[in-house]
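Q: Please find one structure pasted underneath; my questions will follow.
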Amino acid sequence: MNEHNLGYRIRQILNQGLALDAEKLARLKAAREQALARQRIAAPRTVLTWADNLTGGLGGSVSVFSRILLPAAMIILGLVAINTWRQSQTVQELVEIDSGVLTSDLPIDAYLDRGFDAWLKRSSH
């Protein structure tokens, strides 16, 4: 039996109703209201509540490490990773340019000619 069928059967049984006395109905109503009150209180949680468990904060006491040093270290590590990636991209681009120059049909001496350098500057503008 899957969840849908189970839920359907429970709903049918509940719709039939039970013969409960007033005391039991009052207790059920009080328990339901108490559960709803707890749910309303617990609802406004932030997205990063799991970070408190990672840093070891207990009972609302948050250390300087978890408030300042850990986020700063994460930002620094992120920036270092981005810088390393950009440098590797630049090196890869230079390798492609150098391999293109070395494998072209033009002899290397042409690149050393001053006239060729002047022609490149004029044609690039």
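Q: Taking the square root of 5 times each eigenvalue of the Cα gyration tensor, what semi-axes in Å does the equivalent ellipsoid of the range 1-44 have, largest first?
A: After diagonalising the Cα gyration tensor, the semi-axes are 24, 20, 5 Å.
Q: Calculate, for residue 123 and residue 99, the FRET efficiency according to 1/(1 + (r/R0)^6) with r their C-beta to C-beta distance and R0 22 Å; round to the nearest 0.05.
A: Calculated value: 0.50.
Read-outs: derived from the displayed coordinates by stated rules, not from any lab. Small disclaimer: the values here were computed from a predicted structure and weren't measured. Cβ atoms come from the backbone with ideal geometry, glycine included; neighbour counts cover every protein chain shown.
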